[in-house]
Amino acid sequence: MSLITDKARRIAHGEKPRVLDLFAGCGGISLGFQLAGFKNVAAIEIDSKAIQTHAHNFHSDSDEEMFKNHAAPTDIVNVEPHDFFVNLGIENAEKEIDFVVGGPPCQAFARVGRAKLREVAEDPQAFLSDPRSNLYLRYLEYVKYCNPVGILMENVPDVLNFGGHNIAEEVCEVLEGLGYKCQYTLLN
């Protein structure tokens with residue numbers, strides 16, 4: 001029996017699904033999932049104020065040392081999944097994480113962000129070289145590592161045309177290659 005089948009069976013028997021929130025900010029997506037009955041297990045966020053707020057919102061009942069771990073900013077580019085989870089005392093993320101959610105940074109994709117990048121770099125194509133435009137690839141690395149039952153990735157509409165490249169389509173192709181059924185849509 002596969003790990004995903006085991007996870008789905010456990011959830012079907014009433015256990016709360018466990019969530020990893022990537023690019024979590026202070027926890028908007030985490031809150032939505034919590035209100036839907038999910039348990040926030042961990043979050044990755046590089047901004048120190050945002051992750052401290054997230055920790056207060058979702059891990060205030062943790063002991064002091066674990067709270068510090070949850071409140072520590074993490075650069076997803078420089079931390080491999082194994083090391084991140086070991087730091088939180090999660091020995092086997094593949095068994096402990098049921099859903100991966102999050103919204104990779106959108107500045108390179110959003111029209112407002114693109115305009116700001118053009119202004120700062122004095123280059124009309126500056127958004128194409130913004131390193132944040134590749135952070136969805138790190139998201140996918142965490143998905144591969146955790147083998148979740150489900151995934152939610154949120155972003156702006158312009159992710160559908162990033163210099164002629166449809167990032168959402170690429171994400172779906174990768175996820176389908178991992179055995180997931182995937183689709184994307186625009187929500188208002």
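The values are calculated or read from the model by the stated rules, or taken from the named source; none is laboratory data. Keep in mind the model is a prediction, meaning the values are calculated, not measured. Glycine also receives a Cβ, built like all others from the backbone with ideal geometry; neighbour counts cover every protein chain displayed. In case anyone asks, the SASA skips ligands and DNA or RNA and just uses the protein heavy atoms, side chains included. Shrake-Rupley method; radii C 1.70, N 1.55, O 1.52, S 1.80 Å.
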Can you tell me which condition H59 does not meet? The list is (1) more than 15 Å from the chain's Cα centre (by Cα); (2) modelled with pLDDT under 95, and all the others hold.
(2)
Looking at the structure I just gave you, is D75 part of a loop (DSSP other than H, G, I, E, B) and open to solvent by 40 Å² or more (accessible area, probe 1.4 Å)?
yes
Is one or more of the residues making up the stretch 127-136 under 18 Å from the mean Cα position of the chain (by Cα) and either modelled with pLDDT of 90 or more or among the small types (G, A, S) (or both)?
yes
So, D21, is that one of a type in the set (D, E) and modelled with pLDDT under 95 or not?
no
For the stretch 82-102 the number of residues that are outside any loop (DSSP other than H, G, I, E, B) and either in contact (Cβ under 8 Å) with a residue 12 or more places away in the chain or surrounded by 12 or more Cβ atoms within 10 Å (Cβ to Cβ) (or both) is 13
Could you give every pair whose Cβ atoms fall below 8 Å, whose first residue belongs to the stretch 136-150 and is without any contact (Cβ under 8 Å) to a residue 40 or more places away in the chain, and whose second residue is part of a loop (DSSP other than H, G, I, E, B) and open to solvent by 10 Å² or more (accessible area, probe 1.4 Å), counting only separations of at least 6 or pairs across chains?
Y136/N155; K144/L178
Under 9 Å between Cβ atoms, which residue pairs at least 6 apart in sequence (or on different chains) link something in the stretch 57-68 that is more than 17 Å from A24 (Cβ to Cβ) and aromatic (F, W, Y) with a partner that is assigned to a loop (DSSP other than H, G, I, E, B) and open to solvent by 50 Å² or more (accessible area, probe 1.4 Å)?
none
For residues that are of a type outside the set (S, T, N, Q) and farther than 23 Å from P17 by Cβ, tally how many sit in the stretch 39-93.
16
Only one of (1) in contact (Cβ under 8 Å) with a residue 60 or more places away in the chain; (2) surrounded by fewer than 14 Cβ atoms within 10 Å (Cβ to Cβ) fails for I11. Which number is that?
(2)
If a residue must be within 17 Å of F85 (Cβ to Cβ) and loosely packed, with under 14 Cβ neighbours inside 10 Å, how many such residues does the stretch 14-38 contain?
0
T5 of a type in the set (S, T, N, Q) and within 14 Å of the chain's Cα centre (by Cα)
no
Those residues that are of a type outside the set (S, T, Y), exposed (fewer than 14 other Cβ atoms within 10 Å of the Cβ) and assigned to a loop (DSSP other than H, G, I, E, B), I need them from the stretch 172-188; list them, please.
L178, G179, K181, Q183, L186, L187, N188
What tally of residues in the stretch 39-65 results from selecting those that are in a helix (DSSP H, G or I), under 29 Å from R10 (Cβ atoms) and open to solvent by 50 Å² or more (accessible area, probe 1.4 Å)?
3
Of all residues in the stretch 145-160 being open to solvent by 50 Å² or more (accessible area, probe 1.4 Å) and under 17 Å from L187 (Cβ atoms), the one that is modelled with the lowest pLDDT:
P157
